[in-house]
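Here is the structure we will look at.
The values are calculated or read from the model by the stated rules, or taken from the named source; none is laboratory data. Fair warning: this is a prediction, and the values are worked out from it, not measured in the lab. Reconstructed Cβ throughout: ideal geometry from the backbone, glycine too, with neighbour counts over all protein chains shown.
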């Protein structure tokens, strides 16, 4: 039973990290290019269009992103995404978390490579 519980925690953790990574990527891309389309976000970040749509809706609900459509545009589906002050703060916070996670992963991989090299000697 304990193993199953631990496995569920790993699955939940992985889902949370995946969602955090997607949110971080989307916030970073929107801050660089507010008129980026959801399709472009999906392609750039190698995630499905549905996941991008879900993530953006979540970011809007949390108050991190506001959406504006171009009223003069012939394409009424073209939007501009604007990070709110809370969104800018969240982007910075998530980027710091993501960076630390990547640096920890890098250190872990360096140690693993050294151990593998020792095993080959």
Within the set of pairs 6+ apart or on separate chains, which have a first residue in the stretch 101-117 that is in contact (Cβ under 8 Å) with a residue 60 or more places away in the chain, a second that is surrounded by 10 or more Cβ atoms within 10 Å (Cβ to Cβ) and part of a helix (DSSP H, G or I), and C-beta atoms under 8 Å apart? 101/17
Report yes if residue 110 is within 17 Å of the chain's Cα centre (by Cα), loosely packed, with under 15 Cβ neighbours inside 10 Å and either closer than 17 Å to residue 38 by Cα or at pLDDT 95 or above (or both), otherwise no. no
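Residues are listed down the side, and each one gets a yes or a no for (1) farther than 13 Å from residue 88 by Cα; (2) modelled with pLDDT of 95 or more; (3) in contact with a strand residue (DSSP E or B) (Cβ under 7 Å, 6 or more places away or on another chain):
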{"site": "15", "(1), (2), (3)": "yes, no, no"}
{"site": "18", "(1), (2), (3)": "yes, no, no"}
{"site": "21", "(1), (2), (3)": "yes, no, no"}
{"site": "24", "(1), (2), (3)": "no, no, no"}
{"site": "45", "(1), (2), (3)": "yes, no, no"}
{"site": "58", "(1), (2), (3)": "yes, no, no"}
{"site": "63", "(1), (2), (3)": "no, yes, no"}
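Is it the case that some residue within the stretch 68-87 is part of a helix (DSSP H, G or I), exposed (fewer than 15 other Cβ atoms within 10 Å of the Cβ) and modelled with pLDDT of 90 or more?
Step one: of the stretch 68-87, the residues part of a helix (DSSP H, G or I) are 85-87.
If we keep only those that are exposed (fewer than 15 other Cβ atoms within 10 Å of the Cβ) too, we end up with 85-86.
Add one more test, that the residue is modelled with pLDDT of 90 or more, and what stays is 85-86.
Yes, the stretch 68-87 contains a residue that is part of a helix (DSSP H, G or I), exposed (fewer than 15 other Cβ atoms within 10 Å of the Cβ) and modelled with pLDDT of 90 or more.
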